[in-house]
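Peer 1: One structure coming up, written as structure tokens, with questions to follow.
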Ligand code: PMP
């Protein structure tokens, strides 16, 4: 019997340990379970000032991201991955044991995990039958008299279903919830469909927050670098809660290079290749007998429903191909999420499926 377990907060005692991408899915050489990019670039590191604390928000990094996202310098906060953006938002805007966040499942799991670790309640408005956001139900939840919802998390492209947001309905929701709650649009995968970004709405709506990451299209999951975009008033609140030196200097150096003109060109080329590989996979899947449904293709992943996903998952695992199984999630029975990798990895995926 542990003599310290009872000392932890009750909410923490009840949690199951979080499983990272490197610990789920099995063993193999083809990693298609965490929506990472398959290639890796090289970066220069200057270690001459590592004895000094870094800047709170490295100026050149913030400037580079603000330019890339077409927002003001003062509207950007860099964080340890988008996951930290999510947590800081909850810690800043939700009173534990009083306020709640609203999520639209099936969606990205960290909104609920962060809320749970912070002791913040979770309200759910399920995605509609076609997996679109039910905007009216979200609005009703936020605006009802006794609502405790302070943050609404909308993921677009939604991980894992690929759904996107309806701009006019988002604007109506922003207007209806003004002064009551913040609407967070998680744009982790937006580089794969850049025209669908809502970042330009930040200028007009104080209750809009956008979260972004360098983990996906920028192929930098290992450096843990994300961004929160919002009006100055929101960034100011978040700055009070975030750690004193959230972005290590080597991370800032690498991220700034990735956001340079050359770095961006590499990213745009990668997106072109991955979107092309996604199309190849999508086309080929249409003709495969064990496939019953292919979800919306918008990010660097594709959610696929099979006749028998247990059999399919086992076949992938046997061939060393690691996928993300969603079969146990409500409404995603028999679904597997396939990260878009190299053309060879997509061919290996198809070879396995064709062998069934
Ligand atoms: N949002 C979504 C929708 C994601 O899928 C992920 C990563 N899987 C994140 C945020 C977190 O990204 P990061 O690596 O920057 O923490």
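The values are calculated or read from the model by the stated rules, or taken from the named source; none is laboratory data. None of these values were measured; they are calculated from a predicted model. When we count neighbours, we look across all protein chains shown, and the Cβ atoms used for this are built from the backbone with ideal geometry, even at glycine.
Peer 1: Scan segment 38-46 and give yes if some residue there is crowded, with 18+ Cβ neighbours inside 10 Å and at pLDDT 95 or above, otherwise no.
Peer 2: So the first thing to find is which residues in segment 38-46 are crowded, with 18+ Cβ neighbours inside 10 Å, and the list is 38.
Narrowing the set further to residues that are at pLDDT 95 or above leaves 38.
So far as segment 38-46 goes, yes, one or more of its residues are crowded, with 18+ Cβ neighbours inside 10 Å and at pLDDT 95 or above.
So that you can scan it fast, the table gives a plain yes or no per residue for (1) within 16 Å of the ligand (Cβ to nearest atom); (2) within 21 Å of residue 346 (Cβ to Cβ); (3) free of Cβ contacts under 8 Å to residues at least 12 places away in the same chain:
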site	(1), (2), (3)
7	no, no, yes
11	no, no, no
19	yes, no, yes
30	no, yes, no
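Peer 1: Follow-up question, since we're still on this one. Name the helices (runs of 4 or more DSSP H) wholly inside segment 1-116 in which the number of residues that are under 30 Å from residue 340 (Cα atoms) is 2 or more.
Peer 2: Passing ranges, in order: 59-69, 81-93.
Peer 1: Can you tell me which residues in segment 83-106 are within 12 Å of the ligand (Cβ to nearest atom) and free of Cβ contacts under 8 Å to residues at least 40 places away in the same chain?
Peer 2: Selection gives 87 alone.
Peer 1: Only one of 123, 139 is outside any helix (DSSP H, G or I) and away from the ligand (no atom under 14 Å from the Cβ); which? Steps first, please.
Peer 2: Details: 139 fails: outside any helix (DSSP H, G or I).
Exactly one residue qualifies, and that residue is 123.
Peer 1: Kindly indicate whether residue 109 is closer than 24 Å to residue 201 by Cα and within 16 Å of the ligand (Cβ to nearest atom). Quick ask: steps written out before the conclusion?
Peer 2: Numbers: closer than 24 Å to residue 201 by Cα: no; within 16 Å of the ligand (Cβ to nearest atom): yes.
The answer is no for residue 109.
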